[in-house]
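Notes follow once the structure below has been shown.
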Amino acid sequence: MKEITLTLKRELHLPVEAGEISPDKFREKSIGEIEGIKIWEGNRQVALADIFKVSENSGGSGDEVTIRVVGNAAKVRKIGYRTSSGSIIVDGNAGMYVGEEMSGGSILVTGDTGSWLGTKMKGGQIEVKGNAGDYVGAGYRGTTLGMKGGTILVHGNAGQEVGCWMTDGTIRIKGNTGLMPGIHMHKGTIWIEGDCEGRAGGQMRGGKVIICGKTPTVLPSFAFEEIREKVKIGEEKIQGPFYVFSGDMNENGKGKLSVNAPNNPQLKWCEKYVEA
Amino acid sequence: MTELLIRNGFVYDPLNGIEGEKADISIRDGKVAESVGAGATVIDATGMMVMPGGVDIHSHIAGSKVNAGRILRPEDHEKDVERHTPITRAGTGHSIPSTFTTGYRYARLGYTTVFEPATPLLKTRHTHDELNDTPIVDKGCFPLFGNDWHSMEYLQQGRIEECAAYIAWMLRATKGYAIKLVNPGGVEAWKRGRYLVGLEDRVPNFDITPREIVRGICKANQLLHLPHTIHVHTNDLAKIGNYQTTIDTMDSVRGLGGDNKPVIHITHVQFTGRTGSAWHNVGSGAPEIADYVNKHDHVTVDMGQIVFMDTTTMTADGGFQYMLYQLSGNKWMNFDVEVETGAGIVPYRYRRNNYVNAIQWGIGLELALLIKDPWRVYMTTDHPNGGDFTKYPKIISWLMSRKAREKSIARINSIARNKLDLPDIDREYTFSEIAVVTRAGTAKALGLKQKGHLGVGADADVAVYNLNPTKIDPSRDYRLVRKALKKAAFTVKDGRIVVKNGEIVETPMGRTYWVDSQVSEGLMGKVESEMRRTFTEYYTVQMDNYAMDDSELGRSSRVSVKAEV
C-alpha cells in the first residue's frame, strides 16, 4: 500500500501534459524517481517536482498505489492515462482527458473536469463530483471507437456529445447534458438523470440512452415503440413511465431512447399510437 | 570541395554488376568519383551493406487529395506524433505523414528519390507546394491525363501529334515528370454516374474507348521521348475478375515499342489482379499476369503490396472509392476536378482474417515472386493505399525469406491460405535483387540515368545499412534484415550525410525533376491557340494563370528532351 500525494506548488498558466500521473507508472518508483519524471508544460519539458510537491505515505501491505492530487489542476491534462489498476483522487479540479484509455482502477475528482473525460476508456471507474466538459467517454476526433467499457459517473452536468462513438460501458450523468448525447453510439448505456438539450441519440446504431428530465423533442428519425413503466440498467430499475423510441432509422439503428413521460408532455402525441 | 569516402562496405550496385563485393565509394561534390584525397570525411562501413539511395516509383506523398486525407483523418495522426528536434520539424505520421515527416522517414529508410504518382493537372501547383516542403529526398510528380477533355478530344479525332503537343504543354505548365493514366475514361464516366467495364465501353459524350485512350497516350508518350513510360492504373481496379482487364491493357500497347523496350508501366497490380466471379470466390490472378509479363518485354509493373494495418486509401479513381465506401461504410470523400479528373478517399483497415484482404496480400507477393525478371517488377505499397512506406522493410523480409512468409501465411484467413499459390513458392530474393526492385530497376524505369547506381558520375545518394550480408542468412534471420533496413546506418544525399544511425543530422532541399519535351514551334503554336479557345470554354482558370513558373519549385531540375513532332 503506497499513497503518493502531489500538491500543486504554483498556479499554472500553461497546459500541462501529465500522462505520467498514473499508479502504473508510480508503482515501481521511489520518491526521487517520481520527482524526476519528465512532463510537458507548454512546449517545455519539466520535472514533476517543478510543478508538484511529492510526498509519500506508505502503510499497510499489498502493492496497491493511490495517488492524491491536491490543488487546482484544471490545466493538468491526461491524469490517469492508461491506468490499469490502483486509484487516483483529485482533490479539486482536473483538466482534459482524465482517465484517457484507462483499463482498470478508479479515479475520483472532487471538483470539475475538462472535456474528453474517460475518452477511449476500456474499463475501471471514474467519478466526478462536479461538472464534466464535452465529449464524456467519446473517442478522439475522427475515430469510430469511443469508450469500450467501464463506468463514468458525473454528479454535476456534462457538456455536448456525451458518449460519442461509445461501443460499451455505462455513463451516468446526475445533472443535465448538452446536445447529442449518444451520437454514433453502438452499444452501452447513457443515463441522464437531469435534462438534455436535445437531439439525443443522433445516428446511434445500438445501445441505450435514458433521459429522466426534460428534452425539447426527439429526432424525427426515431420511431416510437411503447410506453414502459420502468427501464432496466443492469440490476437497477428506473421508475418511469418512459416513452421508448428506437433508432436512428437513418443508420438502420437499433438503439433505444427512453424519455421520461411526465416531464415531457410535448411528447404526448406518442400515446395515440399505443395499442389499446 | 567536399569529399566523402565510404570505406570497406559490401556494395550492391546491380546496374554496374557489383554484387556484394567489398569496395570503397568515393564522393566529390555530390557525385560519385574515381577517388578522393586524404582529407575526405570517412564513413567506416566495415561489415555493412552499401546500396544506392532508394528510388520510389509510386508513393502518394503530396497534393490536394493527400492533404484532404490528412484533414479527413485526425485520428490517424493522433497515434503517431513526432516531436521537433533542433534539426527537424515536428510532425504527425501514420498512414499520411505530414510533408516534413515524409522526407525524414524516407531518408531514414535509405530512400533518396520519391515520385508522387497522381496529381490533377489543375492542382499540381498544390502538389509542388507540398513537395517543396518535403525535405531531403529528390522528387517529381506524374500529372493525370486520360480523363481530361483535351486529350480525349484530340484522341477521338485521331490527332495524336496534337495530343502529344498538348501533353508537352501541360507537363511544362505543371512541371510534371511523366504521364499518369487513372482508370482511363472511367473517371469521366463515373463523374456522370456510370461505370465503364473493360476496355471496350464507350466514354459518355466522347466517342472513345479506354483502349483507344491508352494506345493514343502511349503513342504520344513515345513521340515526346519522355524518360518514363506511361504509368497506368488500369480500368476495373479492385473489381472481381479484373486481372483480364490488366492483361488486356498490357496487350493493348504491344508492338508499339519495337526493340523490346518497356512502353507501359502498370502500377499497383495487386489491386488489379483478381480472379473470380463474386466476393466469396475472389482469387489471385498473379500467376496469369506474371506469365504475361514473363513472356512480353514491353511491360513493367509494381506490386502495390498490402500490409495488414489501418490505412487511408486515396486515388483519382472516384468510382472505385465510392465502391469501397459502400463496402466498408467508412467515412469518405469524393472530388470532381473540373474537366480533368476526379478523386476519392476512404480510410480502410486490412485484416488478416478477412478473406479478400488475405487474398490481396497474397497477390502482391505472388506477383513479385512469379515475375522472373526483377528489373520489371518493383516494390511499392502504393503508399498509403496498401500500407505506409515505412513498412517496406517488412515486405523486403517477405520477399527474402520463405520462413517470414510462412509465418504470416499461418496467420491469414484459412480459406484464402488454401486458395493461394503463395505457400508453394520457394523463391527468395537476394540482396542484389532487392537492390533492383527498390532502386536500380525503378531508377531505370524512370529514366533517371544518374540515380540507382554508384558508378562514377552518378548522384552521390547512398544508403548504408548495418547488416553484414556475408554473416547473416536473410532467409533465416529475416528479423535482423527488417531491423537493419528500418533505420539506415547512414544515408548520404548528394554527398552530404543526412542520416546517421537512423537519426536525421541534416535536412537539405531535394530537387524537383520535371520534363521539358520540346515540340516543334509550328505544332505548339497551333495547339496553343486551340487550347486558348477551349480554356475559356472549359475552365474556371485563365490559361495565362494556369502555368507554373520555374521559380515556384524549391529546387527545379529540368530534364530536357527533344520530341519527334
Failed criterion for residue A:203 (all others in (1) under 13 Å from the mean Cα position of the chain (by Cα); (2) within 14 Å of another protein chain (Cβ to nearest Cβ); (3) of a type in the set (S, T, N, Q) hold): (1)
Tell me whether region A:45-64 contains one or more residues that are within 15 Å of residue A:20 (Cβ to Cβ) and within 14 Å of chain B (Cβ to nearest Cβ). yes
Would you tally the residues in region B:1-60 being under 22 Å from residue B:448 (Cβ atoms), without any contact (Cβ under 8 Å) to a residue 24 or more places away in the chain and not in a strand (DSSP E or B)? 1
Just one of (1) in contact with a Lys or Arg (Cβ under 9 Å, 6 or more places away or on another chain); (2) surrounded by 24 or more Cβ atoms within 10 Å (Cβ to Cβ) trips up residue B:58, so point out which. (1)
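Every residue, every condition in (1) closer than 25 Å to residue A:164 by Cα; (2) not hydrophobic (A, V, I, L, M, F, W, C), yes or no:
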position: A:208; (1), (2): yes, yes
position: A:218; (1), (2): yes, no
position: A:227; (1), (2): no, no
position: A:235; (1), (2): yes, yes
position: A:242; (1), (2): yes, no
position: A:259; (1), (2): yes, no
position: A:266; (1), (2): no, yes
position: A:270; (1), (2): no, no
Residue hits (region B:481-528; under 23 Å from residue B:44 (Cα atoms) and part of a helix (DSSP H, G or I)) are B:481, B:482, B:483, B:484, B:485, B:486
Go through region B:326-364 and report how many residues are under 19 Å from residue B:239 (Cα atoms) and either free of Cβ contacts under 8 Å to residues at least 12 places away in the same chain or away from chain A (no Cβ under 14 Å) (or both). 20
Selection within region A:105-153 - within 14 Å of another protein chain (Cβ to nearest Cβ), within 10 Å of the chain's Cα centre (by Cα) and hydroxyl-bearing (Ser, Thr, Tyr): A:119, A:135
Please tell me if residue B:278 is small (Gly, Ala, Ser) and modelled with pLDDT of 95 or more. no
Scan (1) assigned to a loop (DSSP other than H, G, I, E, B); (2) buried (at least 22 other Cβ atoms within 10 Å of the Cβ); (3) within 14 Å of chain A (Cβ to nearest Cβ) for the single condition residue B:97 breaks and write down its number. (3)
If we scan region B:41-63, do we find a residue that is touching a Pro at 6+ places or on another chain (Cβ under 6 Å) and at pLDDT 95 or above? yes
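This table checks each residue for (1) of a type in the set (Val, Ile, Thr); (2) without any contact (Cβ under 8 Å) to a residue 12 or more places away in the chain; (3) closer than 18 Å to residue B:405 by Cα; (4) surrounded by 17 or more Cβ atoms within 10 Å (Cβ to Cβ).
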site	(1), (2), (3), (4)
B:485	no, no, yes, yes
B:488	no, no, no, yes
B:492	yes, no, no, yes
B:504	yes, no, no, yes
Index of the failed condition, residue B:139 passing every other in (1) away from chain A (no Cβ under 14 Å); (2) part of a helix (DSSP H, G or I): (2)
Listed by first then second residue, the pairs whose first member lies in region B:536-565 and is without any contact (Cβ under 8 Å) to a residue 12 or more places away in the chain and more than 21 Å from residue B:225 (Cα to Cα), whose partner is of a type in the set (A, V, I, L, M) and surrounded by 14 or more Cβ atoms within 10 Å (Cβ to Cβ), with beta carbons under 8 Å and at least 6 positions apart or on separate chains, are B:536/B:543
Among the residues of region A:112-121, is any at pLDDT 95 or above, within 20 Å of residue A:40 (Cβ to Cβ), touching a Lys or Arg at 6+ places or on another chain (Cβ under 7 Å) and of a type in the set (Gly, Ala, Ser)? no
Suppose we filter region B:313-340 for residues that are among the aliphatic types (A, V, I, L, M), under 18 Å from residue B:142 (Cα atoms) and either touching a strand residue (DSSP E or B) at 6+ places or on another chain (Cβ under 9 Å) or in a helix (DSSP H, G or I) (or both); how many remain? 3
Quick check, is residue B:88 over 23 Å from residue B:443 (Cβ atoms), within 13 Å of chain A (Cβ to nearest Cβ), in contact with a helix residue (DSSP H, G or I) (Cβ under 6 Å, 6 or more places away or on another chain) and surrounded by 17 or more Cβ atoms within 10 Å (Cβ to Cβ)? no
Which members of region B:333-349 meet the condition of being of a type in the set (Phe, Trp, Tyr) and crowded, with 19+ Cβ neighbours inside 10 Å? B:348
For region B:237-266, give me the residue count where each residue is touching a Leu at 6+ places or on another chain (Cβ under 8 Å) and of a type outside the set (Gly, Ala, Ser). 4
Would you be able to tell me the number of residues in region B:75-84 that are out of contact with any His (no Cβ under 8 Å at 6 or more places or on another chain), within 13 Å of chain A (Cβ to nearest Cβ) and not in a helix (DSSP H, G or I)? 3
Regarding region B:234-249, can at least one residue be identified that is out of contact with any Ser or Thr (no Cβ under 9 Å at 6 or more places or on another chain) and either hydroxyl-bearing (Ser, Thr, Tyr) or at positive phi (or both)? no
So which residues in region B:117-137 are buried (at least 24 other Cβ atoms within 10 Å of the Cβ) and touching a Gly at 6+ places or on another chain (Cβ under 6 Å), if there are any at all? B:119, B:127, B:134, B:135, B:136, B:137
Residues located in region B:293-311, provided they are assigned to a helix (DSSP H, G or I) and crowded, with 21+ Cβ neighbours inside 10 Å: B:293
Top-ranked residue of region B:49-74 - restricted to ones that are within 13 Å of chain A (Cβ to nearest Cβ) and touching a His at 6+ places or on another chain (Cβ under 9 Å), ranked as farthest from residue B:346 (Cα to Cα): B:70
Can you find a residue in region A:79-92 that is free of Cβ contacts under 8 Å to residues at least 60 places away in the same chain, out of contact with any Ser or Thr (no Cβ under 6 Å at 6 or more places or on another chain) and within 14 Å of another protein chain (Cβ to nearest Cβ)? no
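The values are calculated or read from the model by the stated rules, or taken from the named source; none is laboratory data. Remember, it's a predicted structure, so these values are computed and weren't measured experimentally. Note: ideal-geometry Cβ built from the backbone for every residue, glycine included; neighbour counts use all protein chains shown.
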